Each structure stands twice: as C-alpha cells, then as structure tokens.
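Report on the following structure.
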Amino acid sequence: MTAPSLGVAVRGVLRRAIEVYRDSPEASRWLQHHVTRFDEPLRLAIAGKVKAGKSTLLNALVGEEIAPTDAGECTRLVTWYSNGHRPGVTLFPTQGAPRQLRIHREGQGALQIDLEGTPVEAVDRLVVSWPSTSLRATTLIDTPGIGSLSLETSERTAMFLTPEESPTAADAVLYLMRHLHGTDVRFLESFHDQGVAKAAPVNTIAVLSRADEIGVGRLDALTSAGRIADRYRRDEKLRGLAQTVIAVAGLLAHTGRTLRQDEYKALTTLNALPKAELEGMLLTADRFVRPDQPVDPPTETRLRLLDRFGLFGVRLSMHLLQEGTSDPAVLAQQLVERSGLDELRKLLAAQFTERRDLLKARSALLAVELVLRREPRPAASQLAMEVERVLAGAHEFAELRLLTDLRTQHVKLPKDVQDEAERLLGGDGGAPAARLGMSGETDPAQVRSAALEALSRWQRRAESPLSGRNVADAARVVVRSCEGMLADLPR
Amino acid sequence: MAVPAAIELVDLAIKATTAYKRPDLGSRLQQTRKRLVDPNVRVLVVGEFKQGKSQLVNALVSAPICPVDDDIATAVPTLVRYAEQAKVTLVRETDSGSGELQQSERIDVPIGELARYVSEAGNPGNTQRLTYAEVGIPRDLLKSGLVLVDTPGVGGLGSAHGAATMAALTGADSVLLVSDASQEYTKPEMDFLHAAMQLCPNVACVITKTDLYPQWRRIVELDRGHLANVSVYADMLPVSSMLRLHALRTQDKELNNESGFPDLIVFLRDKVLAQADELDRRSASQDALSVCQQVTTTMQAQLSARTDPEQTGALIARLEKAKAAAQELKSRASRWQITLNDGVADLQSDIDYDLRDRLRQISRESEAMIDEADPAEVWDELAGWVHQQVAGAASANFVWATQRTRYLSEQVAEHFAMAGEVALPEIQAGATNSMAPKVAGLAQPEAEAFGFGAKGMASMRGGYMGALMFGMLTSLAGMALINPLSIGAGVLMGRKSLKDEKKRLLQRRQSETKVAVRKHIDDVQFQVGKDSRDMLRLMQRTLRDHFTTIAEEMQTSINGAVQSAQAALKESEAERNASIQNLKAELERVAGLAQKARALAPAQRVGVGV
C-alpha cells in the first residue's frame, strides 16, 4: 500500500519542523522525541474504571504475570511495559532525572517494585523493561482506575490519556468496562479529541471485561456476555466512541496462558470426586475452600485454584474435564479460546498493529500541529501547508476520516451500504480479504474479481445523479480504496 | 407486634371521646388509627447498575418478582407489599400542574408481564411514563407493613435517576445501599451514600454476590474503612441472593444461614420495623394521653366547683384567664405563628437564592465552554453536561431545602410547646405534662402529609427531571449552518468571502446555543422554584392547621370547664353529691386509660424523640 510513502512523508515533515524550530530548545526536544517515537513500537494504553481488570488483561496479553493485581485497588501509577533485553524498572519523577529502581519477583508472581521512599505524587510514570515477544510490536501501558476514591489517582490517568494541551502519549486505547456507566461514556468522550483526522473512535476498542462475572458465574456466562457486547457494538453512542466492543474474561485468559502442571493435577483430582460433593463445593466460593472438608486437594491448593481461576473458571474447567478433555495443553487452549482472548488479539492485530504506521503518523502530525500552534512563526507557514498536504493527500487519513464520519453519523448512508463501505475502507482490517469480507479466501483470482466488482459498483454509485453530494464524496473515497486494493493484488 | 395494642388503645380513646361528647378530639384519633392500620414502612433498595438490587428483593420475598437478567436493567421503581392475593398494578400519576398530584391511573396487569413494563428492554427510558409498579404478594415478612422498593440503578449523582432517587429518599423509612463484593466502594457510591444519609439517616450497607467472590470479607473490611474515614457508621450486611434462593428451593437451613439473609431480616425487623413501630406507639400514646388530659381538665374543674363551692368564683376567674391564653395561642400574634410565618418567608428566599446561585454558576461555565467551541460539533456533549450539572444542582438544593424545612418545623413545635406550658399551667393539675413530647412526635409521621412521599414517588418516574431535560432539545436543524445558497449569493456578489461567512455563522450558532442554555436553566429555575415554594406552603398550612386545632381543643376543654363550673353553682346539695361521685368514678376511668397510654409508649430516649 502507500503506507511506506506515508511514513516517509511524515518523517520528512518532522525533519523540516526540527530545522525550522532549531533555535527553540523546547520545541526541538519535543520534535526530536517524536522522531524517536515514530520508530518505536505501537503504544497501547489500557484504561478503565477501578477494578475493571486492566492489569489482569495486561498479564494475559503478555502471557506472564508481571503487573500486580489485588482485591483492593492496586495500580496507582501509570506503568509502561516495553520490550527490553533485561528486566528493569525506571522511575520518571515529575521533576528531576529518571533513575533505576530495584525490582523483585517471587517465583512466577507479579513484580514487586519498591519506590524507595519517593511519594506517589512525585512520580510521573514507571517504565518496566521486560524481555517478551508479546511486547515487541506493542508497548503496553497500565493506568490507574478512573473513579477511584482517591481523586489524585484517577486524575493521573486523565492527565495521561487526555492531557489538556498536548496530544496523548498513547497511540491507541483499550477501554475496559464491566457494563456501560456514565463515567465510562464521559471518559470516552473526553478521549475523543478534535485533532488530526478525528480518528479517535478508530483507535479505541472497548472491552467488556470480567465477562465471566457478568453472568454471575453461570456456565453460559461468556455467551451471555458476548450477546451484551453485540448489543453495545450496535449502540449509537458507543459507535462514535469506539471501533468495536468485545467481551473478554481476563482472569481466565491469563490463567489459561500460564496453566501449570500441578494446577491441572488438582483439577483432575477435583473432577474425580463424587458428583454431589463436587456440586456442593462449587456452590459458593466459601464452600469451595472450607477447611473442614476431608478432601483432596488440600485447602491451600483449593484457595490457590480459586485465586487463579475464579469460581467460574473452576466450574468451566470441571465441565471441560467432564466432557473429555484429558490433556493440560488442550485444557489451557480451550480456556484461552473461550475467554475471548484469541479474538481480542486478532482484533488488536487487525485494528492496531496493521494500522501502526497510520496511528503513529497521526500522533506525529498532532505533535507538529501543537508546536505550530504554540510557537507560531512566519517560516512555519510552509510547514503548516505541508502538514495539511500530507493529511489531505494521504489516502489512509481520508479513509480514517470517512470511517469516523460514518460511525458518528455525520455522513449517512443506507444501512446495508454503510456496512459494506466500512469494510471496504478497512474497518475490519487492511488486508484485501478483510476489506472484501472474504475471510479465509485464498484464491487470488476470486479475490481479484470480487475487488473489481466492488470497484465498479462504487464507481456507479459515485457517478449516479441520484446520489447526494455526501454519498458521492464518500463513494469516491471508497473507489480510491478499491483501486489501491487492486494495485496491490497480484495480476 | 405492639401495633394491635396501639390500635386497641386508640379505639378505647375514641370511645371515650364519644362518651364525653368531644367529637373534635375524636377526629384526630381517627387519623391516627388509619395510619396504624396501614403502617406502610418504606424500605428503598438503591445502588448503582447491576449490583444485585432486584435479585435481593426477590430473595427477601422468595419470589421472582423483579425482572433479573444479565442484560436487563430496571427502569421503573417497583413497590412490593403485602396482599392476600398476588397481583400486579401499574400506576401512572399525572401532575395537574398546580403542584398537587391529581389523577392516579391504576392498571392491573398479569403477573408474568411485569418485565415488559419495568425493565429497560421492555420499556426503554420509561417511554410509557409509568410512575411505579406495585406488586402485592402474600408473605409474612411484609405482613407488618414493610414495603420494599426496587429502584432503577443510579448512574452517579448527576444522572436523571440519581436526582429522582434522591427525591424519593425523603419519604423512605430506611435505605439499603447495595454494592456487590467484587470491589470496594467507588467515589460515585460514596458521594451517593453521603447525600442519602442527609435525607434518611437509617441507612444500611448490603454487600451482595458473596457467593462469587472469595475475597468478599476483605472487601467488607475495606468498605468499613471507607465509611469510617467519613465518620459514617452504618450496619454492613454481606449476603448472597443466589444462595438464599437455592436454600429456599432445597429447604436447606444451613445454606440459608450461610446466605447472610437471616441477619438482613433481623435488621429489617429489629431496626426498621421496630423503629417505625416505636413511632406508631409513641404517637398513639401521645394522642390518647392528650385526649385524657383534655377530658380530665373539664372534669377536674367540675369536681373542684362541686367539692369546694366557695372557691368556685376564683376557679372561674382562673379558667377565664386560661381561656384568654388559649385564644392567644390561636391568634396570629402568638410566638409559634410568628416563627412559622417568618421562618417560611426566610426559607423561601434562602432556597430561591441557593438555587439561583447554583444555576448561575452553571450558566457562566457553559457560556465559557460555548465561546471556545463550535456548538454544532459539541452539541451532544454540551447538552449532556448541562443536564447533568443542572440535575446535580437541583438535587443538592432539594436536600438542603428538606433539611432546613425539617429544622423549622421542629422549632415551631418547640415554641408552641413552650407557650402552651406557660399559658396553661392550671390545666396540668394532676396530669403529666405531655405537651412537649406530643408536638415533637409531629415531624416524621407527618412527612406523608407534606407530600414528600407522594411527590417523591412522582419524581421517581423521571418525568420530573425528564420533562425538564427533554425541554432543552433544540435540534441541530434549527441551528445556523452553512446554507450553500446564501454562500453562493454572497460570494457571487463579491461582498463576503467564505471565511467571513463561516465566522458569522459560527457566532450565530454560539449565541443561539447560549440562548437555548439560558432558557433551559430559566425553565429549571422556574419549575424547581415553584415546587419548593409549593412544598413550603404545604408545610406551613399543615403546621398551622395542626397547632391551631390543638389550641382549639384546649379552648373547648376550658369552655366546657367554665360552663360546668357555672352550672355547679346552681345545683342542689343532693345533685352536687351525686355529681361528685360520678365525676370521681369517671376520673378514675380516664386515669386508667391514661395509664394504659403511658405504658404503651416506648421509654423516652435521651434527647429529642424522633
């Protein structure tokens, strides 16, 4: 696609901006920082209300337990997790130079970071460097919960994700919520900035988290949660605020990815108990860990199981074992699949990782715009025009703009046509197969003919005198997308 | 239950009033009796979305009444009370506009169809404009007058539901704040609790879904800590509705104990019902005592006149003075009336000022926001923000007004009591001074008469706030957006450039929006101001009538005493002796009744009784 040229164009703009502003140390530093950032992995922030399950989901995405979690409110600082050769933590204070901290890890448990006396209010962020393949393409940012009883804690997230003046430090956001609440909507709206390409709903994915609890631990909880996610996906309000909504049971996902042999053994032992006794134990969390029961596995183990799987997870595992699963690897894989994590990762890949360049370009151009706004000077007018040229010229931005307009109903198309338009614009992924809704179709000839069909259909729509001005404009953008698709397909 | 004893006592007292020919006293007793027979102890179940409120109510009455589902949310409040036969009634109350609720439409529906009317799925945003649903069900728990109210989830104080629930709290006898065991209290929940405690001090915190969360004990501890931080000490009741329903199905006593519901039921019985019961007993006792006292006055005077005829002249003179004092109590210049009238006037202007001040602040902030943005782009956000702020301001103003009103009525009662004591010490001869406690008992039970309860339910339909909110919807179509024709014309004429035209239209949009916001705020000020004025007027009238009636009763008693004292002068020796015997016997009977009344009253607590 024209992606490489977009990257080149944006780098060019950044370089020219640095030249123009070389006499202003603040602006230079800011721009240089963005040049470096442009080459870094995508920054994905995980936000949401307190106890929405952010740290757990982060651990599930990384595949290891690194972010600390707890029953009470836990994360109080914005913490970055990025790929590195060696584990380490750097503290960035609000004032002064960053410094290294000691980290300590008990076995396979979460990291314990010692702030060494620095008060929480004096810390801007922590950056954890951790060797992990999952972090190679994406840097994950864990944020404190919104709606915390401590106003300062919530404010830290607000300041990080929606700073007053500057564009946000994150490229994309995973917003976790347990069900739609006034606070969630307000926060999503404030994250919806007015800047370049108005792309905010396109770089936000809403996650219905702790999906197993939505169904109060029933076996069909996840199906129920999936139905609710579907309903939210079609909700008018949410469509303008997030790209899509997906239900995920974070704890289950994390445990599935890190299932241990001794845990599997404990589960099979439980499964071997007489049915009536097992049912009685699974009734409530308290009953499951009752010490007075002369049962194998011992209370300690049962407590740990409950911690790791949750009551729903244990019930589901029993169900899966009864259905015939006999291999720990298979059990783990089933747990992960049912949790919705696989689908989430596919979504992240399609929506964020593939669009990485686009999202980064957007962040970079926002940064340049900020400098132009803060320190206007005559030499910068050329620069401003160039920024506008990139924005207007790059087809990716046009696609993004139109996608946003379609979702926020600024541009109205008939319903069935709108779904097709969003798909062709890359709403479900940038690959030709995704754009044409032909997932799994590998025959290039078929894909090509489908693309040609779409192209002619939309050309007709663009030229039809019956189409209103808006529809015609939208159709023209879709036509360009089809043309770009055809150009990329092998002849 | 002591309520049957109270009813018995009141019946006896009513018989006495007929016997002693005092129908004026009898009518007040009839009112008391009506309240005793249908106590109506209202327990509001409140909390944020999906915390388990409806399931809690279902588990308490062991019946699947309130609709429960993963995706369902309650949209309309549901009252659950005792009835011999199970039935469901929908109630739609329409405001006639004069501040007093006029029509109340009641529609019976089949039991299984409740979900269609009270859930978000069946009745989104309460488009059917129902005020509440009433479910009658034969259950022992509800027999003693307990009424459980399942409310729509509060989405933070600034939401429409939040404001409406706040208004309903004034008519509640107790509030159960429901939060599940998955996490400790959040800021919106603590804010709500704080506001709720100011309106209804009898609040208990219920932690639900303890079956699902192994860490629930820790959560309860954390929550207790949060409450202690703001010096709130409320009962904490961890429960599991699921376990309770399971226990009821399998008749398993052990499981029922584990579910935590026995403690909850004990709370409802011992704290809520008992307190309401205490109030009932106290007011019945006081009413009966007051009757005894009045009747005794007359008879005592009659007795004195006959046993000591020489002193009759002096007695009559004293009684005439007392008559004058009672007349004084009735007059407009009496201290309590002045307190009442001045107090109401002051309160009125204070409430108005407070509301105006809050709204003016919002107006200023919104104008600042409008100046910085293009209304066409941020319309939804702006409208949402204004609605939320206005609802919050009206709520806060309402809470504050309610507290001040209660305080004022207590003050008036105190002044009346003081004046009464000073003016009529003679009357108290032989009887305990029950004047002060009687009037202090006025406050809580009369809340219904003030219309708090009724109005509270009406406002919960959301129509109160809802109607105001919808009033602000100026559609974008009406706004000055770029009209291609006008642009074309202007550009052709060479007079205006596109940029100028855009700027002009933006400014026009901004001023139109400011006007719309200002108009909305004015509407709210008007409506809310009128409602608070109505409430105050109602309170004023009620208090005035109540105390005037008491003063009149005293007057009648004294008149009766004067007349019979004069009549006694004309009696013959034999008649006199016979009368004395009669009177002594009657006095003993009345003293017996008074004794019963005193026995019924709960021990007086230190400080002011409720």
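Each reported figure results from applying straightforward, stated rules to the coordinates on display, with no laboratory input. Computed from a predicted model, the values in this text were never measured in an experiment. Neighbour counts run over all protein chains shown; Cβ positions are idealised from the backbone, glycine included.
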5 Å-binned pair-distance histogram of segment A:318-412 (Cα, whole percent): 2, 10, 13, 13, 12, 11, 8, 6, 6, 7, 4, 4, 2, 1, 0
Förster-model FRET efficiency, 51 Å R0, B:Glu573 and B:Asp38, C-beta, rounded to 0.05: 0.45
Efficiency of FRET between B:Asp534 and A:Gln95 - r from beta-carbon atoms, R0 60 angstrom, step 0.05: 0.60
Length-normalised contact order of chain A in % [C-alpha pairs under 8 Å, at least 6 apart]: 16 percent
Partners for A:Lys265 among aspartates and glutamates (Cα-Cα distance below 17 Å; same-chain residues under 8 apart left out): A:Asp296, A:Glu300, A:Asp307, A:Glu323, A:Asp327
Where a label projected 7 Å from the Cα of A:Val417 along Cα→Cβ would reach, residues of segment A:441-482 with amide N under 12 Å: A:458-476
Spherically averaged projected area of segment A:411-491 from its Cα convex hull (nm²): 5.0 nm²
3J(HN,Hα) from dihedral phi, segment B:294-304, Karplus parametrisation 6.51/-1.76/1.60, rounded to Hz, x for glycine, proline: 4, 5, 4, 3, 4, 5, 4, 4, 4, 5, 4
Pair A:Asp235, A:Val330: separation of 7 Å Cα→Cβ label points (nm): 3.9 nm
Ranked by how many other beta carbons lie within 10 Å on average, peptides B:217-226, A:420-429, B:230-239 from highest: A:420-429, B:217-226, B:230-239
Average partner coverage of B:212-219, which counts Cβ from other chains inside 10 Å: 6
Computed label-point distance, nm, for sites B:Gln595 and A:Arg260 using a 7 Å Cα→Cβ extension: 7.8 nm
Helix-only [θ]222 nm of chain A, DSSP H runs n ≥ 4, -39500 (n - 2.57) each, per residue, nearest 500: -16500 deg cm²/dmol
Per residue convex hull volume, Cα atoms of segment A:253-339, in Å³: 83 Å³
Length-normalised contact order for segment A:411-491 - Cα pairs under 8 Å, 6+ apart - percent: 29 percent
Chain A: translational diffusion in µm²/s, Stokes-Einstein, Kirkwood Rh over Cα pairs, 20 °C, 1.002 mPa s: 87 µm²/s
Gain on full stretching of the segment that runs from B:Glu377 to B:Asp500 - 0.36 nm per residue minus C-alpha separation: 42.4 nm
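Would you kindly calculate the mean projected area, averaged across all directions, of the convex hull enclosing the Cα atoms of segment A:1-44, in square nanometres?
Convex hull of Cα atoms, orientation-averaged projection: 3.5 nm².
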Nearest-0.05 FRET efficiency for B:Glu414 and B:Asp308, computed from C-beta distance (R0 30 Å): 0.25
Whole-angstrom gap from segment B:248-300 to segment A:8-37, using each part's C-alpha centre: 76 Å
